[in-house]
Amino acid sequence: PASIVELAKLCSEAGLPDGVFNVVLGGQAVGERLISDERITKVDFTGGPVAGRSIGAAAGANLCTLTQELGGKAPMIVFGPPGRSQSE
């Protein structure tokens, strides 16, 4: 979760309007409440297969898009601004 929290901070610092990119951390109760809300249209989950099955069922019931990384690893690559070399 630390990397995605840092990405959210960078988005905010870069001027991305509030509400465009949201990170919500929490346990099962938080997840169940979010996924069952019809305003939620996209869920991205990184974790184990047991939780993934439960989340998949809830997302399917709500007809929201779901992306899961069930191996517990979700690598990210963050690039600098275009036109700059990596040595800068």
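The values are calculated or read from the model by the stated rules, or taken from the named source; none is laboratory data. Fair warning: this is a prediction, and the values are worked out from it, not measured in the lab. So basically every Cβ, Gly included, is an ideal-geometry build from the backbone, and we count neighbours across all protein chains shown. Areas reflect the complete protein model, heavy atoms only, side chains present, ligands, DNA and RNA absent. Shrake-Rupley method; radii C 1.70, N 1.55, O 1.52, S 1.80 Å.
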Worksheet, complete the sentence: Amide H neighbours of VAL43 at under 5 Å, excluding residues fewer than 5 places away on the same chain, with H built from the backbone geometry, are THR65, LEU66, THR67
Response to the item:
For the chain, longest principal axis from Cα atoms; helix 2-13 axis from its Cα atoms; angle between them, nearest 10 degrees, is 60 degrees
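Using the crude model of +1 on Lys and Arg Cβ and -1 on Asp and Glu Cβ, and no other charge, please compute the dipole size for the chain relative to its Cα centre, in debye to 20. Write down the numbers at each step before the final one.
Details: 7 positive and 9 negative charges, 35 e Å.
In total the dipole reaches around 180 debye.
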Worksheet entry | Heavy atoms of ASP18 accessible to a 1.4 Å probe, total area in Å² rounded to 10 | 150 Å²
Fill in: Residue-level accessible surface for LYS9, protein heavy atoms, 1.4 Å, Å²
100 Å²
Worksheet item: Which entry in [x] 10.0; [y] 6.1; [z] 7.2 is this structure's computed mean projected area of the Cα convex hull in nm²?
Response: [z]
